[in-house]
Structure formats: C-alpha cells, structure tokens
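To keep things clear, I will list the structure first and then write my remarks on it.
The values are calculated or read from the model by the stated rules, or taken from the named source; none is laboratory data. Just so it is clear, the model here is predicted, and its values are computed rather than measured. Every residue, glycine among them, receives a Cβ derived from its backbone with ideal geometry; neighbour counts consider all protein chains shown. Heavy atoms of the whole protein, side chains included, go into the accessibility calculation; ligands, DNA and RNA do not. Shrake-Rupley method; radii C 1.70, N 1.55, O 1.52, S 1.80 Å.
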Amino acid sequence: MKIRKKITLVYSLIVGFILVFSSLYIYSLSKKYSDQLFYTRLKERAFVAANIYFEKDELSPKLYEHIQKEFLHSLNHEGIVIYDHSNDLLTKDEKPIVDVPITIIDQIRQERYLQFRDGDRQSVGIFYQDNQGDFVIITSAIDDMGIEKINHLKKVLILNFFLTIVVVIVTGRIIANQLLLPMKEMVDQVNRIRATNLHLRLTENESKDELSELGTTFNQMLLRLEKAFESQKQFIHYASHELKTPLTSIMGKVEVVLNRSRSEEEYRKALNVILMEAERLNKLTNGLLSLSKVNYDEDKILFAKIKVDQLLASVIKDLQTHVPDSKIRLFYASDLPESYFLNGNESMLYSAFYNIIENAIKFSGKEEVCVCLEKKGGELLVQISDKGIGINPEDFENVFKPFYRQQNALSYPGSGLGLSIAERIVKQHRGKIDITSNPGTGSVFEIRFLI
C-alpha cells in the first residue's frame, strides 16, 4: 500500500473513531437528559395526583373534574395507581395500565422514591404519608415525543457520520497528495540519476521539514558517491598504468633475452633487471592491498590505547635498519619526556608514520629528518620535517591522491601510494595532515590528532 493511501486510511479511521465516540456520547447524554426530564414530570404528576385524590373532599366537583382532566390524563398512555398500606389498589380503574409487582411496591416503601421502566414505558413511584395512612403512588406513561426526538437525533448522527467520512476521505486524499508531492518529484529526479550523471542533484526547497532534510541528505550521499566513483576511476586508471609498466618491462626483457643465446654475464644483467621490476611490482601490489585495507568501514577497525612516543621510536628503529645511511632524530617539545597516549589502531598508525618518515628520508638524501612530538591543548601533534626537494604549493591538494607524483619527484623510486595511505589512516583516527613546503628547502608534515 502506498503512503498516500496509508495516510488517507489512517486519517479517516482516526476521524471516524472520534466521530463515532462523540456521536455515541452525544446520543447517550441526550437520551439520559430526555428520560430524566420525563421522570421529573412523572414525579410532579404523582404529587399532583396525591393531592387531588386525598384532598378531593375539600374540592368542588367541577374543580376536581377540571383538575383531573387537565393534569391527570394529558400524557400518552398515562396511568396512575395508588396502593394503601396493605398493597390494595385504591384507584377505580378495573384494569390499570400499570402492572406493578409487589417487590417494586415494597422497594418504593423502603426507598421513598423509585424510578423504573419497562421497555418504552417509564414509571415513577413515591411514598406518600397522609392523615388517612401511608400510600404508594405510581405514575406511568410513554414519552412518545421524547422517543421521537431521540430517534431523530440518532438518524441525524448516523447521516452526519457517513457524510463526514466521505468528506474526510476526499480531503484526506487531497492533503496526502499535496504533502507527498515533493516526494513524488524527488522520486522522479532520483530515477533520472545514473552512474554516468552522478553530478545531478535533487531540488532542495527552503522549508525545514523532513522531506527537505531527506533531499539534503540524499544530495550529500550523491556527492560522496560521485567522489567515490571519480576516485575509483582514477584509481583504476593509475593502477592499470603503474602495473602495466613493470610487466611490460619484464616481458620485453625476457623476449630480448630469449631472442638469441647470451653469455652468462648478459643473462645475469637481464635477471637483475627482471628482479628489480618484480620488486617494484611487489611493492606496488602491497601498496594497493594496503590502500584497500584502509578503506574499510571504521566500525570494523579495532581501537586501543597506545603510546605514540613508543610507536614512533619503533618506526624510526625499523627505518634505520632498512635504510642504514638514514639520519632520523626524535625529540619532544617539552623538557621532560612523557608518554603520549592516543586511542587508535597500532598497526595502521605504524604504517602511516612509516610511510611519511620513509618519504622524508627518500627525498632528503643524506640530510637529517626530524620527528617532534608535542601536546597542545586537546591535540597531539607529530611534526616530521626534512630538507629535501620540497613540494610546489599548487601540488598540496594532489600529493595525497593515489599514484600522484609531482614533476620533480619522477626520478625517485616509488609508486605514489604511501602518502595516500597515510592520509586515509590519519583521517580514520580523527586526525589531519597539514603541509608546509617550498621547492628546494624541504617540507614539514604536521599531523594533528584529537585526544
């Protein structure tokens, strides 16, 4: 069932329920009021009948006849019965309209006043004391006019219910269509978006309702998807190019060597070239695997409390082992060294620091690389500075892109993946990398972590 139908149905059911409840409440109150009003009239007529009956000796025959005609027989199907203390009927009617059980008469004597009904007939009984004795007077009649009014009210309420429900369904449908019109337009716009036109966006209105928020959120998702698709396209383009180069070199070298018989020295040189290209291919493959790992969902990364100073010391020790002629110095901004704690993934942070420091060593030649650790406010700062070839300011935005290499770095070995991997790891640890550099004077990479 579509949402507009659900809205119309729920809206109609709620209004219908309220209407039924209010109609029943009005009907019950009206009927109760009509019955009580008629009971009051019967009670008054019971006292009038008592006065007339027991005081008739003091009235003239004409006055008694007039009162009896005007007051005692004006209600529909009215009947008046009087019982003495022995429950004997005192009225002269041979067949009274009211047939009252003895139990009711006894109850009237006990409670002094009682109102009861039998179907449409309403009755009121009073206990009347006179100098002639104790009596029970019961007046009874059918409120034809009241019943007719209540029946008319019932018909009006039922008709009003059905007419109102029809109006509610129609208006509910119109309101639902108006409310969901922006959603229909949104669906039409979404259906036009394909992988080839991810630059398209949903129209955002100025209202601050939930549909507007949904449109804004969807546009943000499209922006992320567009960036991801573009990054993937670039990644595939660069990866295919970088993988093709060493493979082409290996295949070409093998074809040349197999073209004719060679000396042992020539075979050795060819194998060294193939080994070098194979190592380059291996590093490139490992870099691609590392890049794919850092793209995992952050919820799947295990974080723990680690000591950054010890981690940096371990990275520097390993680099000095792998690059024996490197010069790296670790120092702290404060006079008294302390343990710098950070909540993160130790192996991932190791890879990030390793790649950045290794990059600084590669472009610094035999110059010293400095690593400084500092706490400042609510941040932990790791500053890595070198005296290498530097970076052009216009390349700052590109150095973290996979496979990107600036013009003055093409003569150095590498695949252009190290800084990209490091930058993504730092982001996953709520960090940021700032670069300060000028060509020929070296570079400073400042990594900031929130702690």
Of all residues in the range 368-386, which are at pLDDT 85 or above, assigned to a loop (DSSP other than H, G, I, E, B) and open to solvent by 30 Å² or more (accessible area, probe 1.4 Å)?
-> Glu368
Just name the residue that is modelled with the lowest pLDDT out of those in the range 90-106 that are touching a strand residue (DSSP E or B) at 6+ places or on another chain (Cβ under 6 Å) and open to solvent by 20 Å² or more (accessible area, probe 1.4 Å).
-> Pro96
Of the residues in the range 11-53, how many are modelled with pLDDT of 85 or more and under 26 Å from Leu181 (Cα atoms)?
-> 5
Restricting attention to the range 368-388, report how many residues are without any contact (Cβ under 8 Å) to a residue 60 or more places away in the chain, over 17 Å from Lys317 (Cα atoms) and in contact with a strand residue (DSSP E or B) (Cβ under 8 Å, 6 or more places away or on another chain).
-> 4
Could you identify the single residue in Asn345, Asn359 that is polar (S, T, N, Q) and closer than 22 Å to Thr436 by Cα?
-> Asn359
Residues being surrounded by 12 or more Cβ atoms within 10 Å (Cβ to Cβ) and assigned to a helix (DSSP H, G or I) - total across the range 188-215 = 7
With respect to Asn177, is the statement that it is in a helix (DSSP H, G or I) and touching a helix residue (DSSP H, G or I) at 6+ places or on another chain (Cβ under 9 Å) true?
-> yes
Restricting attention to the range 118-146, the residues that are open to solvent by 20 Å² or more (accessible area, probe 1.4 Å), farther than 16 Å from Arg45 by Cα and in contact with a helix residue (DSSP H, G or I) (Cβ under 8 Å, 6 or more places away or on another chain) number exactly 4
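Are any of the residues in the range 439-451 hydrophobic (A, V, I, L, M, F, W, C) and at pLDDT below 85? If you could, list the steps in order and put the result at the bottom.
Here is the first cut: in the range 439-451, the residues hydrophobic (A, V, I, L, M, F, W, C) are 444-445, 447, 449-451.
If we keep only those that are at pLDDT below 85 as well, we get 451.
Yes; the residues of the range 439-451 include at least one that is hydrophobic (A, V, I, L, M, F, W, C) and at pLDDT below 85.
Which of the residues that make up the range 122-150 are of a type outside the set (A, V, I, L, M), farther than 17 Å from Asn87 by Cα and either under 60 Å from the mean Cα position of the chain (by Cα) or not in a strand (DSSP E or B) (or both)? Talk me through it step by step, then tell me what you get.
Quick first cut of the range 122-150, residues of a type outside the set (A, V, I, L, M) only: 122-123, 125, 127-135, 139-140, 143-144, 146, 148-149.
Checking which are farther than 17 Å from Asn87 by Cα leaves us with 122-123, 131, 140, 143-144, 146, 148-149.
If the condition is that a residue be of a type outside the set (A, V, I, L, M), farther than 17 Å from Asn87 by Cα and either under 60 Å from the mean Cα position of the chain (by Cα) or not in a strand (DSSP E or B) (or both), then Gln122, Asn131, Asp143, Asp144, Gly146, Glu148, Lys149 are the ones that fit.
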Just one of (1) at pLDDT 90 or above; (2) more than 22 Å from Phe54 (Cα to Cα) trips up Leu114, so point out which.
-> (2)
Check whether at least one residue in the range 279-292 is in a helix (DSSP H, G or I), closer than 30 Å to Lys376 by Cβ, at pLDDT below 85 and open to solvent by 50 Å² or more (accessible area, probe 1.4 Å), and report yes or no.
-> no
Selection within the range 425-448 - assigned to a strand (DSSP E or B), crowded, with 16+ Cβ neighbours inside 10 Å and touching a helix residue (DSSP H, G or I) at 6+ places or on another chain (Cβ under 8 Å) | Ile433, Ser437, Gly442, Ser443, Phe445, Ile447
Given (1) closer than 24 Å to Lys32 by Cβ; (2) surrounded by 12 or more Cβ atoms within 10 Å (Cβ to Cβ), Leu159 misses just (2)
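Scan the range 395-407 and tell me whether some residue there is part of a helix (DSSP H, G or I), of a type in the set (Phe, Trp, Tyr) and in contact (Cβ under 8 Å) with a residue 12 or more places away in the chain. Outline the logic, then answer.
Our first condition is that a residue be part of a helix (DSSP H, G or I); within the range 395-407, this holds for 395, 407.
Adding the requirement that they be of a type in the set (Phe, Trp, Tyr) leaves none.
So far as the range 395-407 goes, no, none of its residues is part of a helix (DSSP H, G or I), of a type in the set (Phe, Trp, Tyr) and in contact (Cβ under 8 Å) with a residue 12 or more places away in the chain.
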